[in-house]
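A short write-up of the structure that comes next.
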Amino acid sequence: MRKRGIGTVVLITEAFEELARATLASRGVPDLPMVILPHETEVMGIEQLRPVVERAVDDEIVPLIKAVREPSL
């Protein structure tokens, strides 16, 4: 999607960072932005998970996507 100009962010947990970086490199997009959540999110209930995800969206995901969509001059 990024190659088509669509803002793209990879969302993973800490346990998969190394695998994600290797996969991105092998697919020719080693600099694709990643947001790395704590691994514990995989076992959190919705009430615990919601604030973690909302914070990631507001603080990391939206700014990264905007940076791709709105290149600096």
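No value in this document is a laboratory result; all are computed from the given coordinates. Fair warning: this is a prediction, and the values are worked out from it, not measured in the lab.
A few notes on this one:
- Three-way shape label, the stretch 2-69, alpha-carbon gyration tensor, a/c 1.5: oblate
- Residue-wise HN-Hα couplings along the stretch 20-25, as the Karplus relation 6.51 cos²θ - 1.76 cosθ + 1.60 with θ = phi - 60° gives them from phi, are 5, 4, 5, 5, 4, 4 Hz; Gly and Pro carry x.
- Note on residue 31 and residue 55: the extension gain reaches 6.4 nm, defined as 0.36 nm multiplied by sequence separation minus the Cα-Cα distance.
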